[in-house]
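Contents: one structure, followed by commentary.
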Amino acid sequence: MTTTEGTPLTSADLAGNGVYGNDPDVLGKFGIFGGRYVPEALIPALDEVAAEYDKARSDLEFLREFDHLLRTYAGRPTTLTEVPRFAEQAGGARILLKREDLTHTGAHKINNVLGQALLTKRLGKTRVIAETGAGQHGVATATAAALMGLECVIYMGAVDCERQALNVARMKLLGATVIPVTNGSQTLKDAINEAFRDWVTNVDHTHYLFGTVAGPHPFPEIVRDFARIIGVEARRQILELTGRLPDAVAAAVGGGSNAIGIFHAFINDKSVQLHGYEAGGRGVETGEHALTLTEGSVGVLHGSRTYVLQDEEGQTIESHSISAGLDYPGVGPEHAWLKDSGRATYHGITDAEAMDAFSLLARTEGIIPAIESSHALAGALKLGRELGPEATILVNLSGRGDKDMGTAMKYFNL
Amino acid sequence: MTTLQTVFEKARAENRAALVGYLPAGFPTKDGAVAAATAMVEAGCDVIEIGLPYSDPLMDGPTIQDAVHRSLTNGTRIADVMRTVEGVAKSGAATLVMTYWNPVDRYGAERFARDLASAGGVGTITPDLTPEESEPWLAASKEAGLGTVFLVAPSSPDERIARVAACCTGFVYAASLMGVTGARESVNVAAEGLVERTRPHTSLPVCVGLGVGNGRQAAEVAAYADGVIVGSAFIRRLLDAPDEASGLAAVRELAHELAEGVRR
């Protein structure tokens, strides 16, 4: 196993100044996707967030503060780890992991959260709310709120509260109020509905610290920009380590923030394939999956036009995944655009395939990944066999698996 | 068919506000919704909004969420919504559909507009369709002869109010408060200011909804608005009733009280 430290980042790396292109238009559209489908009451708040973010992204003071937090608090840059024993199962291709699991709080979510918490302070708001699925975004939000002295309320589906009990306890310990959401499917989508209801009621002093690249404009853009550091670092690190760009980048896709985060710096590198792995759940044929991009259709969910799991009358179909963080029937609009434009390719990974990869990485490399990230690992195994032993694959190891021990104990009879 | 224009002209002639009642299709049952809405009309509602039940009603409070959930569990489909509109329109009320955008988008804007017009509907209220995204719906509605109603909110700056009002035909829906649907102890004082700020931007009637649940509140709102919109309070009566007959009696009683309120 070899590792490399990334070179320090400059503030310019964090600036969303359009150097990678692919910024949404004035209506927040990526092609036909994105936009705003929300109650009129929220439009001024979205405008306010967008205007403040526009100022912040070119404000050196803001960028320095964000950069400082990423280094001294989140633990960036995260390292790149080569995993040769794991890669033996991938046809001998070279596999490198971007270790977001090593950040403070244990997942890539911390990047976006620190950026948005700073933005909250700029907006003069004193309270943050957030939705959470696996609990990683909730924990990250509660962490940033504690750090910056903000009141924090987390909405979490009651089903998710149960399967991620450890993260509920962490959020409470960090001083957040966790509200279990008992309506609908009691998972991430319902937590988002409830967070929007809170926001429209308390918008004068509350920022909705959205956790993924979905939702109404400007959230897909803001969350992407704050997560973009993952790919910026990884691109630099892999060039240093291997002397060339990877052949493919693999990431898990639920709402899509970790995937966009690592994809973005490679969008203009046409030789680099971008592969997103959605949760295939119990298998596409069972209907119990979260294959939004690969099996869904274009619609509107949570304020944005994108791919949605829906029936022929536009009712959302409940998703399923063994990983709470991928259990979402929508997806970020920029992924919808990347899919339709052909720049990125999306595939399904079943619960079983993900759990096999989860176990394999633990046994071969001593790294216990999040079950979410295990979908990308399973994808990389397939990709390696396709691309052959000469290929180099960069995988976003978006989070660590400590939170998944309950699920793993049940699954593997540990 | 009663049009929105005739409703508001009649109300104005009687020197009162119009009474607008909301009920989701398929609640408490498919037939029960028609019966309840008809009772509301008989007891004084001028306009009925039939809600199209949607799986992710992010603007609705617990009462409407509960009703919509039951409706979807009852298997309510868009065809049932259209049948409900047809049944209610027969009662003589101007009948609208209130819907989140995705079901219409998926069904097809033109097809939806055509089917709603054939069912006797006079228009739609679309709470999550912003002016920026409204073009296909405005075109389809115009083609089918349907009215379009959009919402303004206390947070809306004047230029947004102007933009939203320009998309409206029929009336402008002023949301009385920052929040979700549901009856409240008192109607937000911001509502009157919002109606005042909306007037210069439209010659259409301005109706107030969110948080209105009794005759006193209806009278208070009727003093400054052209219409009073009540939803959750009707649903509450139906949810609390031990059987269908007492539910009907309860919504009838509430409609009477509200109708009396808008005439005070």
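The values are calculated or read from the model by the stated rules, or taken from the named source; none is laboratory data. Keep in mind that this is a model prediction, so the values were computed, not measured. Every residue, glycine as well, gets a Cβ built from its backbone with ideal geometry; the counts of neighbours run over all protein chains shown. Surface accessibility is based on the protein's heavy atoms, side chains included, excluding ligands, DNA and RNA. Shrake-Rupley method; radii C 1.70, N 1.55, O 1.52, S 1.80 Å.
Some points to look at:
- Centre separation in Å (Cα based) which lies between the stretch A:209-244 and the stretch A:380-414: 20 Å
- Applying the Karplus relation 6.51 cos²θ - 1.76 cosθ + 1.60 with θ = phi - 60° to the stretch B:228-242 yields 3J(HN,Hα) values of 10, 10, 10, x, 4, 5, 5, 5, 3, 4, 6, 5, 7, 6, x Hz, where x marks Gly and Pro.
- Placing unit charges on the Cβ atoms of the charged side chains and taking the dipole of chain B about its Cα centre, the candidate lying farthest along the positive direction among B:Met1, B:Gly61, B:Gly170 is B:Met1.
- Unsatisfied cross-links (Cα-Cα over 18 Å) in the set A:Lys189/A:Lys410; A:Lys270/A:Lys339; B:Lys30/B:Lys90; A:Lys55/A:Lys125; A:Lys98/A:Lys339: A:Lys189/A:Lys410; A:Lys98/A:Lys339
- Think of each Lys and Arg Cβ as +1 and each Asp and Glu Cβ as -1; about the Cα centre, that makes the dipole of the protein assembly as shown roughly 660 debye.
- Over chain A, DSSP H runs of length four or greater, each weighted -39,500 (n - 2.57), average out per residue to a 222 nm ellipticity of -12000 deg cm²/dmol.
- Listed residues A:Asp351, A:Asp402, A:Asp204, most fluctuating in chain A (Gaussian network, C-alpha, under 10 Å): A:Asp204
- Charge-dipole axis of the stretch B:4-261 as Lys and Arg at +1 and Asp and Glu at -1 on Cβ define it, positive-most pick from B:Tyr22, B:Ala153, B:Ile78: B:Ile78
- Backbone amide hydrogens, once placed in the peptide plane, bring A:Ile179 within less than 5 Å of A:Ile154, A:Tyr155, A:Met156, excluding anything fewer than 5 places away on its chain.
- Among A:Asn111, A:Asn202, A:Asn258, residue whose mean-square fluctuation peaks in a GNM of chain A (springs only between Cα atoms under 10 Å): A:Asn202
- Taking only the C-alpha atoms of the stretch B:1-57, Rg followed by Dmax gives 13.1, 41 Å.
- The Stokes-Einstein estimate for the stretch B:4-261, based on a Kirkwood radius over Cα pairs and taken at 37 °C with 0.692 mPa s viscosity, is a diffusion coefficient of 185 µm²/s.
- Beta-bridge orientation, the stretch A:91-220: approximately 0 percent antiparallel, per DSSP, counting only bridges with both partners inside.
- Taking B:Glu132, B:Glu244, B:Glu143 in turn, the Gaussian network model of chain B (Cα-Cα springs below 10 Å) assigns the largest fluctuation to B:Glu132.
- Bridgeable aspartates and glutamates around A:Lys403 (alpha carbons under 18 Å apart, same-chain partners fewer than 8 residues away excluded): A:Glu100, A:Asp101, A:Glu131, A:Asp160, A:Glu162, A:Asp327, A:Asp351, A:Asp356, A:Glu372.
- Our coupling estimate for the stretch A:82-91, obtained by passing each phi through the Karplus curve with A = 6.51, B = -1.76, C = 1.60 and θ = phi - 60°, is 8, 10, x, 5, 5, 5, 4, 7, 10, x Hz, Gly and Pro reported as x.
- Shown in residue order for the stretch B:25-39 are the 3J(HN,Hα) couplings computed by the Karplus curve 6.51 cos²θ - 1.76 cosθ + 1.60 at θ = phi - 60°: 4, x, 10, x, 9, 4, 6, x, 5, 5, 4, 5, 5, 5, 4 Hz (x for Gly and Pro).
- Shown are A:Asp225, B:Asp243, whose ranking by accessible area with a 1.4 Å probe and every protein chain present, most to least, is B:Asp243, A:Asp225.
- Between A:Tyr346 and A:Gly276, the built amide H atoms are under 5 Å apart, and every one of these is 5 or more places off in sequence or on another chain.
- Evaluated at q = 0.11, 0.13 Å⁻¹: base-10 log I(q)/I(0), Debye formula over Cα of chain A: -0.71, -1.04
- Pairs of Cα atoms farther than 16 Å apart, the stretch B:174-257, %: 53 percent
- Unit charges on C-beta of K, R, D, E only; dipole of the stretch B:13-102, Debye: 180 debye
- Between B:Ala174 and B:Val152, B:Cys207, B:Val208, B:Gly209, the built amide H atoms are under 5 Å apart, and every one of these is 5 or more places off in sequence or on another chain.
- Computed about its Cα centre, the charge dipole of the stretch B:4-261 is approximately 220 debye, with only Lys, Arg, Asp and Glu carrying charge at their Cβ.
- Part-to-part distance (alpha-carbon centres) for the stretch A:284-332 and the stretch B:26-49, which is given in Å: 34 Å
- Heavy-atom accessible area buried between chains A and B is around 3000 Å² (1.4 Å probe, both sides summed).
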